[in-house]
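The values are calculated or read from the model by the stated rules, or taken from the named source; none is laboratory data. Just so you know, these numbers come straight off a predicted model, no measurement behind them. All Cβ positions, even for glycine, are placed from backbone atoms using ideal geometry, and neighbour counts span all protein chains on display. Each accessible area value is taken on the protein alone, full model and side chains, heavy atoms only, with ligands, DNA and RNA left out. Shrake-Rupley method; radii C 1.70, N 1.55, O 1.52, S 1.80 Å.
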Amino acid sequence: MVQNMATTRARGRPRSVDRDAATEAAMDHYWRLGPAAVSVNELARRAGISKPAMYREFGGEDGLLLASLERYRETILVPRQAALTADVPFPELLDRAIVALTSDRGTPPGCLFTRLRTARSRLSDAVLVRVAELEAEQLAGFRRWYRAALDRGEANPELSPEIAARFLDTQFAAVLTQMVLGEPPERVRALARIATSPLLTPTRPGA
């Protein structure tokens, strides 16, 4: 009887959650399938935790999605922005960015952040607020990058940093969306180079 009671208590004790592993698994799921592809139960299963454990650890699906988005920011978005500060001429760095977005790096195609931005109607207010903050952060990075290129005479002076930043944001999102759709990387790359060419310093006739 004592043994049975001890077993019952052990079974009823909340299992510990590997938060990092659960966040990583959820991030991969959201990245591959989007924010509304499977049920909460399936999401918990893929994260390797029970539904009650997910609510205890993350406060529900919104909490898990926010944790996944923060992990994505730390591992993907921040390094991507940092790469734009390399001491490399703007045209070369722009091409490097296009190649990076269209290369197989052993991760799901596309971009988790872009998926969330295109699924706003399915997101909660809390997630929408964080997505908007990351949008502002990304645009600020693009503005700094373009402003530095202008200062070096490497970018089109007819475009303001604000317009250029929003143009870059739109074009990079289009590239990532095409990658999700399974378009050939070389084709996406070629089209992106054409699309972003207005950002470069115009070539003078006869130069």
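Table for the structure above
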| quantity | calculated |
| --- | --- |
| Shape category assigned to segment 79-165 from the gyration tensor of Cα positions, a/c cut at 1.5 | oblate |
| Selected from Arg105, Arg122, Arg45 as most flexible by GNM, with the chain as the system and alpha-carbon contacts under 10 Å | Arg105 |
| Cα shape, segment 108-207, gyration tensor, a/c 1.5 rule | oblate |
| Accessible area (Å², per residue) of segment 55-207, counting only protein heavy atoms and a probe of 1.4 Å | 54 Å² |
| Cα centroid separation, segment 132-191 to segment 108-125 (Å) | 18 Å |
| Cβ crowding within 10 Å averaged over residues, with 58-66, 156-164 ranked highest first | 58-66, 156-164 |
| Extension reserve of the Glu92-Ser160 stretch, reckoned as 0.36 nm per residue once the Cα distance is removed | 22.5 nm |
| Descending principal axes extents, the chain, alpha-carbon based, whole Å | 95, 32, 31 |
| Angle in degrees between helix 2-12 and the longest Cα principal axis of the chain, rounded to the nearest 10 | 20 degrees |
| Carbon plus sulfur fraction of accessible area for segment 108-156, probe 1.4 Å, in percent | 48 percent |
